[in-house]
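Note sheet for the following structure.
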There are 2 protein chains.
Amino acid sequence: MKKKRKYYKVQEYIKKNIQQGIYPIGSYLPSENDICKQFDITRTTARKALDELLKDGFIEKEHGKGSKVLERSKSLGLLTVKGFTEAANHKIKTVMLQEPKIDNWSPSIAFPLKQDEIQAKCVYFQRVRYINDKPIMLEHNWYAEDALELIKPDDFIEGSFFKTLSQKYFIEIKGSKQELRAEPANKEVANNLGLEEGEAVLHISICFKTSNPTLNLYSELYCNTSEFPIRNSYFL
Amino acid sequence: MKKKRKYYKVQEYIKKNIQQGIYPIGSYLPSENDICKQFDITRTTARKALDELLKDGFIEKEHGKGSKVLERSKSLGLLTVKGFTEAANHKIKTVMLQEPKIDNWSPSIAFPLKQDEIQAKCVYFQRVRYINDKPIMLEHNWYAEDALELIKPDDFIEGSFFKTLSQKYFIEIKGSKQELRAEPANKEVANNLGLEEGEAVLHISICFKTSNPTLNLYSELYCNTSEFPIRNSYFL
DNA sequence: AGTTTTAACTTGTACGTACAAGTTAAAATG
DNA sequence: CATTTTAACTTGTACGTACAAGTTAAAACT
């Protein structure tokens, strides 16, 4: 029944081209009139497609110039992976402490699992993120084993799980729930982040929803924020 | 030049009626056709106005039924006042430690002030938020004295600064920048939140942008997250 | 050569029309 | 009376047209 939504097809086509780099970041999309010709639609429909991409943060429009492709991933609550990779000017390093493996769900996951998920096993992986060779964040990540194949470390695009999802599997992050707590570091966290036990760390629990309804990502993050606070901004 | 944007006038008219409770939360707006008649516009234009309100989180649309007025303030990054007041089922109390007064800008504000602001004085007020009679959050708030009059405590609508802004001054929050740090509590924080010095607290620095370009709000918050973690969710 | 004007692009706003599709309550049916 | 059908609403999609307004580079002018 949704086959009739022409604008949706156009939207998905353009989105795919952005994700695959055919329309590179910073470049301008074909003009609205070009899109009309290409898909044999009216400008109303083409604009509707672009409006959706605008809302999703894929493009911005410049009056008189065109639609420019944006860097993806703004406005995902706080500290998406972007919040981290974005710490520009700084040397980022990621060390995989535990490569993705089939495992049982951990009780340390803060958010309740769905029925479907709890019955399957899960894929688990653990990483430490460094800035300027200082360990800043300890990451635990889980997702349902039957929702997505086990991704090997070599398949990570630029070390980013989200980029891999987007570019290899065309899965987008649709939203997230998060909980934040200031906690004293336990032994594991202290060891991995080079802190004393009991020092204050920021504990962030996240449940990411994706465009694949069966795939949720669960992350438990422990951050040393003394030097690099977590930043977040949102604009309507 | 912007006078010509009919949809904007309609949008602002409806927004005002929502803010003033003429279109109450949960009710349905007049239908698109009614709006057309009322403003002598076509449905295209009426829908454009509603689209904007949809984007801004004022309404949601229900196919075949109508446009429903939403509770305001979703998706403002994390922990807007809503994030707090929302802790439903719990008894919330707010104690004003320092009523709004003219003061000098404090160096403890994490975000850089604008040139215009730094030259003026500011209005400062300090509050402690309680949940179930336990002090949970210590708040410091500042805004430029020449951007908005000094609001007296009695004028706070339901104890909420944001509701007051919205309903009395028609000023909306347009976005925010935030920084999060896990820190050991200092003496002032520990005293006000009933903690030991050195216990981990969540320090949140916020700069709110408003629909009044000259008015920014600066807040430094200190949270005891051990019992009530800060929640945040975002959906595209 | 340097400046101004123009023409050809771009997106923004708004008109009007038509039909599809979801919702609801009244009317027709058994 | 209970069920089904219909009619009258709602929003969703898409057509086509026209002109306004911002941008840019080529053309015309001084």
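The values are calculated or read from the model by the stated rules, or taken from the named source; none is laboratory data. None of the values given here were measured: they were computed from a predicted structure. Here Cβ is always computed from backbone atoms with ideal geometry, including for glycine, and neighbour counts include all displayed protein chains. Keep in mind that these areas ignore ligands, DNA and RNA; they rest on the heavy atoms of the full protein, side chains included. Shrake-Rupley method; radii C 1.70, N 1.55, O 1.52, S 1.80 Å.
Structural remarks
- Taken over the stretch B:34-53, the criterion of being touching a residue at least 12 places away in the same chain (Cβ under 8 Å) and more than 10 Å from DNA strand C (Cβ to nearest atom) is satisfied by B:Ile35, B:Leu50, B:Leu53.
- Any hit, the stretch B:189-198, residues being at positive phi and either of a type in the set (S, T, N, Q) or assigned by TED's automatic domain parsing to the domain that holds B:Pro112 (or both): yes
Yes/no per residue for (1) at pLDDT 85 or above; (2) closer than 23 Å to B:Lys55 by Cα; (3) open to solvent by 30 Å² or more (accessible area, probe 1.4 Å); (4) touching a Pro at 6+ places or on another chain (Cβ under 9 Å):
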site: B:Leu76; (1), (2), (3), (4): no, yes, no, no
site: B:Asn89; (1), (2), (3), (4): no, no, yes, no
site: B:Glu117; (1), (2), (3), (4): yes, no, no, no
site: B:Val123; (1), (2), (3), (4): yes, no, no, yes
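- Listed by first and then second residue, the pairs linking a residue in the stretch B:134-162 that is within 14 Å of B:Val95 (Cβ to Cβ) to a residue that is outside any strand (DSSP E or B) and of a type in the set (Asp, Glu), with Cβ atoms under 8 Å apart and 6 or more places separating them unless they lie on different chains, are B:Lys134/B:Glu227; B:Ile136/B:Glu227; B:Leu138/B:Glu188.
- Within the stretch A:99-112, being surrounded by 13 or more Cβ atoms within 10 Å (Cβ to Cβ) and without any contact (Cβ under 8 Å) to a residue 40 or more places away in the chain holds for A:Asp103, A:Trp105.
- Count of residues meeting criterion [within 13 Å of DNA strand D (Cβ to nearest atom) and farther than 12 Å from B:Leu70 by Cβ] in the stretch B:11-30: 2
- Scanning the stretch B:31-45 for residues that are charged (D, E, K, R), away from chain A (no Cβ under 14 Å) and within 12 Å of DNA strand D (Cβ to nearest atom) gives B:Glu32, B:Asp34, B:Lys37.
- Enumeration of residues in the stretch B:183-235 that are surrounded by fewer than 19 Cβ atoms within 10 Å (Cβ to Cβ), in contact (Cβ under 8 Å) with a residue 60 or more places away in the chain and part of a loop (DSSP other than H, G, I, E, B): B:Gly194, B:Asn212, B:Thr214, B:Leu215, B:Glu227, B:Phe228
- Condition met for B:Glu179 (modelled with pLDDT of 90 or more and out of contact with any Phe, Trp or Tyr (no Cβ under 6 Å at 6 or more places or on another chain)): no
- Residue in the stretch A:12-25 that is farther than 21 Å from A:Lys168 by Cβ, open to solvent by less than 70 Å² (accessible area, probe 1.4 Å) and either under 26 Å from the mean Cα position of the chain (by Cα) or without any contact (Cβ under 8 Å) to a residue 12 or more places away in the chain (or both) present: no
- Qualifying positions in the stretch A:32-73 - in a strand (DSSP E or B) and among the small types (Gly, Ala, Ser): A:Gly66, A:Ser67
- Hey, A:Ile157 farther than 23 Å from A:Asp116 by Cα, assigned by TED's automatic domain parsing to the domain that holds A:Lys101 and open to solvent by less than 20 Å² (accessible area, probe 1.4 Å) or not: no
- Criterion violated by A:Gly66 - all others in (1) more than 8 Å from DNA strand D (Cβ to nearest atom); (2) at pLDDT 90 or above; (3) more than 23 Å from A:Gln167 (Cα to Cα); (4) open to solvent by 60 Å² or more (accessible area, probe 1.4 Å) satisfied: (4)
- Any hit, the stretch B:128-137, residues being closer than 13 Å to B:Leu217 by Cβ and not in a loop (DSSP other than H, G, I, E, B): no
- Number of residues in the stretch B:169-188 that are touching a strand residue (DSSP E or B) at 6+ places or on another chain (Cβ under 7 Å) and away from chain A (no Cβ under 11 Å) equals 1.
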